[in-house]
Each structure stands twice: as C-alpha cells, then as structure tokens.
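These notes are about the structure you will find just below.
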Amino acid sequence: MVPSIRNNMYIFLFMVIAIPLAGELNFYPFNDFFRVSFGMPTFFFFLIVSRNKIHPILSGIIVGISVVVFRVLLDLLIYDASYSFQQHYPTFFYYLTFGCLFYLTGANRYIHQSIVIGFMGVIFDILASLGELTFQYLAFDSIIGRVDIHKISIIAIFRSFFTVGLLNLLILYKTRLKQEEIQKQNEQLTIVISSLYEESINLHKTLINSETITKDAYNLYNILKNIDNKTDPIVNLPQIALKIAGETHEIKKDNQRILAGLSKLITDKGFSEYMELNKLLNIALRSNKKYANSLGKHIEISSDIEDEHPDYHVYQIFSIINNVLANAIESIKHTGKITIYVCRDHDMVEFQIKDNGPGIAQNKIHLVFKPGFTNKYDKDGSSFTGIGLTYVKELVESLEGEIYLQSKAGYISGAFFKIKIPIKKLTLKG
C-alpha cells in the first residue's frame with residue numbers, strides 16, 4: 001500500500017474513534033436530547049489538518065454513523081434504553097451538514113486566515129446545530145426558540161475559535177521546531193565554513209611558499225645553466241631545476257583555483273559573515289561540548305561578556321576560539337572546566353580563555369606555538385598534530401593582534417590564554 005494512502009487511513013480511523021469519545025465531554029443547554037460536546041471542535045480540527053486528503057462529506061457520513069452507533073451502544077450497556085436510537089440519530093445530520101458545508105464552501109482555502117476560518121466554523125456549527133435541532137423537533141416535537149438560536153450562536157463562537165486557537169498553537173509549535181532545525185543547520189554551516197576559512201588561510205600561505213620555491217628554482221636554473229657542465233653530461237642539473245620550477249608552478253596554479261572556489265563560498269552573500277558576539281560564542285560552546293562528549297569527557301564550558309561589542313567576523317573569531325577550546329578539551333583528562341571572558345580595552349577586544357587542565361611546564365611554554373609541538377595523546381596513544389595553536393598565533397598576528405599564554409604544570413593550574421585583536425580588523429568596514 002502506498003505510504004500516503006496508509007497514513008490517510010490511519011488519520012481517518014483515528015478520527016472515527018476520537019470524535020465519539022470527545023462527544024462524551026458534553027452538556028445539555030436546551031433539553032435532555034440536544035447535547036453540546038467537544039465532538040464538533042475535534043471534527044472541525046480533523047477537517048482542517050487533513051487538507052482534503054479525506055473527503056469532508058464522506059467524513060461527515062462515517063463520523064455521524066460512528067457517533068450515533070457509539071452513543072446507542074453506550075446507552076444500551078448502561079441504561080438499557082429502548083428509545084436511544086430515536087434520541088441520537090439526529091446527531092448524524094449535524095456531522096453530515098457540517099461536512100457538506102465545509103466541502104461546498106472550500107473552507108480549506110482559508111486555513112491560513114484564522115479569523116476567516118474561525119467565522120466560517122461558527123456559521124457551519126450554527127447551521128449544523130439547526131439541522132440537528134430540526135430532526136430533534138421531528139423526533140420529539142421540541143420547539144426551537146430565539147433564545148435557543150442565541151445559545152447555539154454563543155456556543156458556536158466558543159467551539160469554533162477554540163479549534164482555531166488549537167490549530168494556531170499547533171502551527172506555532174511546528175514553526176518553532178522548524179526554526180530550531182534551521183538554527184542547528186546554520187550552526188553546522190558556520191562550523192563548516194569556519195573550517196574552510198582556516199584551510200583557505202593555510203592554502204594562501206602555501207601559495208606564497210609555492211611562489212617563493214618557483215622563483216628560487218628558476219634562479220637556480222639560470223645559475224646552473226651558466227656553469228660548464230660538459231665534464232659530466234649524465235647529470236643535467238639545469239633541466240632538473242627547471243622541471244622543479246615548472247612542477248611547483250603547476251601546484252601553485254592548482255592551489256589558486258582551489259583558493260578561488262573557497263573564497264567565493266566563504267564570502268557568498270547568502271551567508272552571514274558577521275554575527276553578535278553572544279550568538280557566536282554560544283555556537284562555539286555547543287559545538288565544543290559535543291566534541292568533549294565525543295571524547296568521553298565531562299567538561300563544563302561557560303562564557304562571560306562585558307561591555308558593548310559590534311558584530312564580529314564569524315569565521316575569524318570562531319577559528320580562534322574553536323582551536324583554543326579544542327586544545328583545552330584535549331589537554332583535560334576526564335572532567336574539567338573552561339571559561340571564556342571577553343571585554344573591550346579601548347579599540348581592542350580581549351579574549352581570556354582559561355582551563356583547569358594539567359597545564360604546561362614553564363620551560364616548554366615557548367614551544368607551544370611551534371608547529372608540531374604537542375603533549376596531548378588520544379586514547380590509542382597517538383599524538384595530536386600540534387598545529388592548532390600555531391594556526392591561531394598566525395591568524396591573530398595577521399589581524400595585528402597578540403596572543404599570550406600563562407601556565408604552570410600541575411593538576412589545578414591549567415592554561416590561561418589572553419588574545420587581543422584590534423576591533424577594526426574584526427568588524428564590517430563602513
């Protein structure tokens with residue numbers, strides 16, 4: 001069976017069961033035969049949310065029959081009442097009338113207009129109730145007066161807008177879930193683009209190195225070409241140097257193409273390059289808590305922001321914070337605490353990141369920012385790469401900032417990073 005058809009059948013079956021049960025929440029405003037219940041709001045709600053996947057007239061017929069049968073069986077089981085069918089069969093015409101009106105007016109077209117669908121529900125309820133009262137009159141000669149119509153109208157307003165209110169709450173809930181999902185996707189996208197931003201900086205540095213190597217190799221080629229190499233014709237050094245220069249130049253061109261693609265993605269106007277500091281830190285904290293959990297560590301990460309701050313460049317700040325936090329998480333054994341404090345110092349923004357990990361010996365602090373230095377190992381005993389803090393230092397210095405590290409070896413000492421960057425380097429240029 002097609003999944004959509006099966007789902008519609010489940011909805012229809014649930015409606016047929018739920019509405020008779022909701023009808024038992026009732027009271028009798030006029031006589032002992034005409035009841036007002038929550039069956040109408042339930043039926044109205046199902047008609048709206050089904051969006052014509054279930055035909056309203058067919059729904060009215062089936063639901064009307066199920067309600068009458070349920071009430072008759074209930075009376076026979078409890079009261080053994082012989083007049084039960086005569087009392088309840090007019091209810092069938094209520095649901096039939098409501099379903100027909102809902103279909104003929106095309107009410108589903110107005111489900112996003114709360115006031116309109118609400119008033120339509122009021123009219124449907126009044127007319128359906130009058131239809132039921134008409135058959136009540138035929139069955140019991142009960143008189144319908146002006147007061148009765150007035151009561152029906154008031155009850156119809158209450159039931160209809162109660163249903164619309166419930167529907168709006170459902171829509172609001174679904175919208176909120178969707179917004180949360182979009183927010184998660186945006187956070188993941190920010191993390192990905194931040195990683196690409198880091199790679200683009202490394203790639204840019206590789207381009208510079210490639211250009212330098214190309215020039216040096218070409219200079220070596222010119223030098224070797226002027227040297228008399230006829231004594232050893234087997235060794236053709238100029239051609240080898242020229243080949244090195246050409247291959248390095250090819251690497252440079254490939255890197256340029258990759259960098260152009262990364263730069264276009266990172267600077268795409270569809271992404272927000274600037275963000276409020278508190279939102280940016282929240283993303284960094286959440287992503288790094290997940291990282292700590294993935295390592296089987298219980299680490300508390302908190303942040304505190306002082307002073308007013310403009311919107312900062314997302315990928316620059318995130319790259320710096322993320323690498324320092326990751327370094328702290330990797331250094332902490334099992335449980336620990338990391339705090340981030342941000343403030344302004346005139347035209348500089350200052351980040352202070354402190355952890356209570358094992359710390360670093362004083363005689364090794366000068367090595368922390370050197371490529372390849374690490375004192376951290378994973379659960380398999382393999383050392384980490386040791387390039388995260390090197391990248392942070394280079395990025396901070398490229399922004400004309402400064403980074404300091406204070407640490408003492410010992411369980412409760414930990415490490416304390418202080419990073420100061422000119423605000424103008426991190427904000428949108430006016």
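Please treat every number below as a calculation from the coordinates, not as lab data. Values in this document were obtained by computation on a predicted structure and should not be read as measured data. Note that each Cβ is placed from the backbone with ideal geometry, even for glycine, and that neighbours are counted across all protein chains shown.
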(request) Would you please give the residues with an amide H less than 5 Å from that of residue 23, counting only those at least 5 places away or on a separate chain, with H modeled from the backbone geometry? (result) 39
(message) Please list, in order along segment 157-162, the HN-Hα scalar couplings obtained from phi with the Karplus expression 6.51 cos²θ - 1.76 cosθ + 1.60 (θ = phi - 60°), rounded to whole Hz, x for Gly and Pro.
(response) 4, 4, 5, 5, 6, 4
(message) What is the sum of charges, Lys and Arg at +1 and Asp and Glu at -1, for the other residues whose Cβ falls under 9 Å from the Cβ of residue 44?
(response) 0
